[in-house]
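First the structure, in the form of structure tokens, and then the observations on it.
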Amino acid sequence: RHRCSQVFMDGGHANRGLSTAFSRKYDDFVCSNLRCNDCDFTVVQFPGKKWDSSADYMFFRENVPSEAKLRVKMETAPDFAAYACQCKWLSISSQTRVDQCQVKWSCAGH
């Protein structure tokens, strides 16, 4: 399995998949297979959405990875992407390296 050379997230406009130095040279790629090193859950991703401000730790703990259950706390936001595991959640509007956020997420391989 290959892993992303640098792990990026984006607000929904970049291509999702394996991010390598070569792929990044020609186009923006963000990792499509993130995993949390704290709770050991896959990080769900929803381009075009952001989390409602009322979403809290217990909401994510009880509802990740069910998209149907998570939708009740999502807002439509074309320039965002909503990310969540069972212990952390983010709404991202611009390309951001995972290591610049306060999450312990890494590429789980492609």
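Table for the structure above
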| item | result |
| --- | --- |
| Segment 1-12, residues that are assigned to a loop (DSSP other than H, G, I, E, B) and at pLDDT 75 or above | ARG1, HIS2, ARG3, CYS4, SER5, GLN6, VAL7, ASP10, GLY11 |
| Candidates LYS73, LYS25, filtered to the one that is of a type outside the set (A, V, I, L, M, F, W, C) and at pLDDT 95 or above | LYS73 |
| Residue in segment 71-91 that is in contact (Cβ under 8 Å) with a residue 40 or more places away in the chain and among the aromatic types (Phe, Trp, Tyr) present | yes |
| Test result for HIS110, at pLDDT below 95, part of a loop (DSSP other than H, G, I, E, B) and either of a type in the set (Lys, Arg) or surrounded by fewer than 15 Cβ atoms within 10 Å (Cβ to Cβ) (or both) | yes |
| Qualifying residue in segment 66-84 (condition: touching a Cys at 6+ places or on another chain (Cβ under 8 Å) and surrounded by 18 or more Cβ atoms within 10 Å (Cβ to Cβ)) | no |
| Residue among ARG16, ARG1 that alone is within 11 Å of the chain's Cα centre (by Cα) and in contact (Cβ under 8 Å) with a residue 24 or more places away in the chain | ARG16 |
| Pair list, Cβ < 7 Å and 6+ apart or interchain, from segment 36-49 residues that are of a type in the set (Asp, Glu) and assigned to a strand (DSSP E or B) to residues that are at pLDDT below 95 and surrounded by fewer than 18 Cβ atoms within 10 Å (Cβ to Cβ) | none |
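Every residue, every condition in (1) under 15 Å from the mean Cα position of the chain (by Cα); (2) assigned to a strand (DSSP E or B); (3) at pLDDT 95 or above, yes or no:
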position: SER54; (1), (2), (3): no, no, yes
position: PHE59; (1), (2), (3): no, no, yes
position: PRO65; (1), (2), (3): yes, no, yes
position: GLN86; (1), (2), (3): yes, no, yes
position: ASP99; (1), (2), (3): yes, no, no
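The values are calculated or read from the model by the stated rules, or taken from the named source; none is laboratory data. Keep in mind it's a predicted model, so treat the numbers as computed, not measured. Note that we place each Cβ from the backbone using ideal geometry, even for glycine, and neighbour counts take in every protein chain shown.
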